[in-house]
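Student: Supplied in structure tokens, the structure appears directly below.
The values are calculated or read from the model by the stated rules, or taken from the named source; none is laboratory data. These figures come from a predicted structure and were not determined experimentally. FYI the Cβ positions are ideal-geometry reconstructions off the backbone, even for glycines, and counts take in every protein chain you see. Just so you know, the surface numbers come from the protein's heavy atoms only, side chains and all, with ligands and any DNA or RNA stripped out. Shrake-Rupley method; radii C 1.70, N 1.55, O 1.52, S 1.80 Å.
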Amino acid sequence: MLNVAVAGVAGRMGRALVQAVVESQNSNIKLSAAVQRPYSSLLGADVGELAAVGRLGVPVVATLAEADFDLLIDFTTIESSLSNIRYCAENDKRIVIGTTGFTEAQKQEIASAGAQIPIVFAANMSVGMNLCFHLLKQMSEVLAVDSDIEIIETHHRHKVDSPSGTAMRLGEVIADTLGRDLDKCAVYGREGIGEPRDRGTIGFATVRGGDVVGDHTVLFASEGERVELTHKASSRMTFAKGAVRAAEWLGEKSQIESGGYYDMEDVLGLRA
Ligand code: NAD
């Protein structure tokens, strides 16, 4: 049995994750603990009632030290996730991390923890989006020579990091495929009068508003045609279900490996 804890259970993703764990068809996975930030008024509440899936007999606790679990699913904040990764590494727990907005140095820290414990870390856990990442490599190889490449993303008004972690990942996939350095070729937004567009750049445009769960388009625009790769998430359950799929995969993986740093391409078997 894989005992799963969810961090940030009062959050938008936290509630969806509780529902996804409870609704998993895999009888070897069980929600064993629920964590919310210290001093939350929800501490002690039944997490099933909080997530509107019915009473589960799992009370919300303030720290991982109070939780009994094998694997943590963490979609919280940068500070909280980094602290949770350290806890998991010190206490031999597996972790699935969906939090976004980490710096390169922080991502390195997460990757290093993969030497001690099995980790799945992905800025977008949706199965469809991860297939898009895969398809994007081929599209970039074929289309980039003649195309201007732009990444356009839209999210709800509460999202604080921009461009989204997914948009940045799309940019990284394109840049890696084309042998470009994203730090040098990315252009974030445009305003005023500038130079004509340089074909070697990758443009990012960010839109924030309403309750949009997450829309991403990669536009390859050349003379005579445009090709667009678009993914639209209509419910947070798509990310939550992907995270549970990652947890199930990591549960099996850890039987043969003590550590490892993976993303959804590994989980879905899309790695070349
Ligand atoms: P949210 O603000 O609704 O939820 C975050 C929750 O974490 C809150 O309940 C907050 O109180 C809690 N929290 C903060 N510090 C904590 C701590 N120390 N201990 C326990 N709980 C703590 O945010 P959200 O919309 O649910 O998104 C959370 C993160 O997940 C963001 O970084 C977002 O970008 C990311 N996200 C990733 C994916 C993906 O597929 N990887 C999808 C959606 C969102």
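Student: Could you check residue 162 against (1) in a helix (DSSP H, G or I); (2) closer than 16 Å to residue 209 by Cα and say which number it fails?
Tutor: Unmet condition: (1).
Student: Go through region 82-97 and count every residue that is in contact with a strand residue (DSSP E or B) (Cβ under 7 Å, 6 or more places away or on another chain) and open to solvent by 10 Å² or more (accessible area, probe 1.4 Å).
Tutor: First pass over region 82-97, keeping only residues in contact with a strand residue (DSSP E or B) (Cβ under 7 Å, 6 or more places away or on another chain): 84-85, 88, 93-97.
Filter again for open to solvent by 10 Å² or more (accessible area, probe 1.4 Å), leaving 84, 93-94.
Final tally of qualifying residues: 3.
Student: Do we find a residue being within 12 Å of the ligand (Cβ to nearest atom), open to solvent by 30 Å² or more (accessible area, probe 1.4 Å), within 30 Å of residue 53 (Cβ to Cβ) and not acidic (Asp, Glu) anywhere in region 226-235?
Tutor: First pass over region 226-235, keeping only residues within 12 Å of the ligand (Cβ to nearest atom): 231, 233, 235.
Among the residues that remain, those that are also open to solvent by 30 Å² or more (accessible area, probe 1.4 Å) are: 235.
Imposing the further condition that a residue be within 30 Å of residue 53 (Cβ to Cβ) reduces the set to 235.
Right, trim to not acidic (Asp, Glu) and you get 235.
Yes: one or more hits.
Student: If I ask for residues that are within 15 Å of the ligand (Cβ to nearest atom) and among the acidic types (Asp, Glu), which ones from region 157-191 would you list?
Tutor: So the first thing to find is which residues in region 157-191 are within 15 Å of the ligand (Cβ to nearest atom), and the list is 157-170, 172.
Within region 157-191, 161, 172 meet the criteria.
Student: Please go through region 128-155 and give me each residue that is part of a strand (DSSP E or B) and within 12 Å of residue 216 (Cα to Cα), ordered by number. Walk me through it before giving the result.
Tutor: Residues of region 128-155 that are part of a strand (DSSP E or B), as a first pass: 148-155.
Once the filter is applied, which keeps residues that are part of a strand (DSSP E or B) and within 12 Å of residue 216 (Cα to Cα), region 128-155 yields 150, 151, 152, 153, 154, 155.
Student: Now a separate question. So which of 208, 199 is within 24 Å of the chain's Cα centre (by Cα), open to solvent by 60 Å² or more (accessible area, probe 1.4 Å) and either basic (Lys, Arg) or more than 17 Å from residue 153 (Cα to Cα) (or both)? Working first, answer last.
Tutor: On the way: 199 fails: within 24 Å of the chain's Cα centre (by Cα).
Selected residue: 208, the only one of 208, 199 that is within 24 Å of the chain's Cα centre (by Cα), open to solvent by 60 Å² or more (accessible area, probe 1.4 Å) and either basic (Lys, Arg) or more than 17 Å from residue 153 (Cα to Cα) (or both).
Student: Follow-up. In region 238-254, what residues are closer than 17 Å to residue 128 by Cβ and of a type in the set (D, E, K, R)?
Tutor: 241, 245
Student: Give the residue that is surrounded by the fewest Cβ atoms within 10 Å (Cβ to Cβ), with candidates limited to residues of region 119-155 that are closer than 30 Å to residue 251 by Cβ and more than 16 Å from the chain's Cα centre (by Cα). Before you say what the answer is, go through the steps one by one.
Tutor: First, the residues of region 119-155 that are closer than 30 Å to residue 251 by Cβ: 119-137.
Filter once more, keeping what is more than 16 Å from the chain's Cα centre (by Cα): 135-137.
Values: 135: 14, 136: 19, 137: 16.
Within region 119-155, the match that is surrounded by the fewest Cβ atoms within 10 Å (Cβ to Cβ) is 135.
Student: Same structure again: Looking for whichever is among the aliphatic types (A, V, I, L, M) and free of Cβ contacts under 8 Å to residues at least 24 places away in the same chain here; the options are 113, 105. Which one fits?
Tutor: Working: 113 fails: free of Cβ contacts under 8 Å to residues at least 24 places away in the same chain.
Matching residue, one of 113, 105: 105.
Student: Moving on. Out of region 88-126, which residues are within 17 Å of residue 71 (Cα to Cα) and among the aromatic types (Phe, Trp, Tyr)?
Tutor: Hit for region 88-126 is 121, nothing else.
Student: Examine region 39-51 for a residue that is crowded, with 23+ Cβ neighbours inside 10 Å, more than 17 Å from residue 236 (Cα to Cα) and not basic (Lys, Arg), and state whether such a residue exists.
Tutor: Step one: of region 39-51, the residues crowded, with 23+ Cβ neighbours inside 10 Å are 47, 51.
If we keep only those that are more than 17 Å from residue 236 (Cα to Cα) too, we end up with 47.
Checking which are not basic (Lys, Arg) leaves us with 47.
Yes, region 39-51 has at least one match.
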